[in-house]
1. Quickly run through region 149-163 and pick out the residues that are under 20 Å from residue 208 (Cβ atoms) and surrounded by fewer than 17 Cβ atoms within 10 Å (Cβ to Cβ).
2. Which condition breaks for residue 199 when tested against (1) touching a helix residue (DSSP H, G or I) at 6+ places or on another chain (Cβ under 9 Å); (2) in contact (Cβ under 8 Å) with a residue 40 or more places away in the chain; (3) over 24 Å from residue 259 (Cβ atoms)?
3. Tell me the helices (runs of 4 or more DSSP H) entirely within region 5-120 that contain at least 2 residues that are under 20 Å from residue 207 (Cβ atoms) and touching a residue at least 12 places away in the same chain (Cβ under 8 Å).
4. Keeping to region 121-149, report how many residues are assigned to a loop (DSSP other than H, G, I, E, B) and modelled with pLDDT under 95.
5. Within region 85-104, identify whether any single residue is closer than 18 Å to residue 169 by Cα, under 17 Å from the mean Cα position of the chain (by Cα), crowded, with 24+ Cβ neighbours inside 10 Å and modelled with pLDDT of 95 or more, and answer yes or no.
6. Of all residues in region 2-39 being touching a helix residue (DSSP H, G or I) at 6+ places or on another chain (Cβ under 8 Å) and at positive phi, which is surrounded by the fewest Cβ atoms within 10 Å (Cβ to Cβ)?
7. Consider residue 171 against the criteria (1) out of contact with any helix residue (DSSP H, G or I) (no Cβ under 7 Å at 6 or more places or on another chain); (2) touching a residue at least 12 places away in the same chain (Cβ under 8 Å); (3) surrounded by fewer than 14 Cβ atoms within 10 Å (Cβ to Cβ); (4) within 19 Å of residue 85 (Cα to Cα): it satisfies all of them except one. Which criterion is unmet?
8. Inspect region 143-155 for any residue being touching a residue at least 40 places away in the same chain (Cβ under 8 Å) and more than 17 Å from the chain's Cα centre (by Cα) and give the result as yes or no.
């Protein structure tokens, strides 16, 4: 599994979302690395990590991350995940892996209707992103283009760095495991919960109030399934707090991990 390491201090693992790479953390990585040793991974089938040999699912991706942590002697590391990565770190915590956990807009807590909407919107979006690849630098290179393309992901897409937007759109289109992972999210089992007192460390869930991918109402089920969790709301924030509210995201992570 491809990974990068930045900074010194108590280790902190960053797990990206569907279609992304470790570079989706760029807006917060320098500030986190100023206080912690940050290890950001490319999940199997994304970025520079080769796909899994068999099934791609939350269970098998969690197995792969666990194996990486054991191999690196990092089994008690603090975990941070975004979107699908948020669901992954919560699954790891449910299994007793890691230390403190921060999950940003975690998937897996939708109703059937919300899941159908999620599937339909992402299927349409990825078809569009793939079709627009030849002209993607021009679209992501100006604020109007970013606003039209990324309004589902960000509450202020015009303000996103052009290079970040282009990298994300490239990685979404090129990730070998995108379709298999999306199919598993839609048709696989729902996320299981964790009994009170069973997690290896504190769990903090962060959610953008303007999230159009995983609706804020889904936080109710997440909190019901993980009764020990603490919920933090990001105002003026879409699906990725690390993009729309990077300073607040850094504070949330540092204040809820590392003890």
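The values are calculated or read from the model by the stated rules, or taken from the named source; none is laboratory data. Everything numeric here is computed off the predicted structure, so don't read it as measured data. Please note: Cβ atoms are built from the backbone with ideal geometry, for glycine as well, and neighbour counts cover all protein chains shown.
1. Selection gives 151, 152, 158, 159, 161.
2. For residue 199, the exception is condition (3).
3. Those helices (runs of 4 or more DSSP H) span 84-94.
4. The first filter runs over region 121-149 and keeps only residues assigned to a loop (DSSP other than H, G, I, E, B), leaving 132, 141-142.
Pick out the ones that are also modelled with pLDDT under 95 and you get none.
Number of matching residues: 0.
5. Within region 85-104 (the criterion being closer than 18 Å to residue 169 by Cα, under 17 Å from the mean Cα position of the chain (by Cα), crowded, with 24+ Cβ neighbours inside 10 Å and modelled with pLDDT of 95 or more), the answer is yes, since at least one residue qualifies.
6. Among residues in region 2-39 that are touching a helix residue (DSSP H, G or I) at 6+ places or on another chain (Cβ under 8 Å) and at positive phi, the one surrounded by the fewest Cβ atoms within 10 Å (Cβ to Cβ) is 7.
7. (3)
8. Yes, region 143-155 has at least one match.
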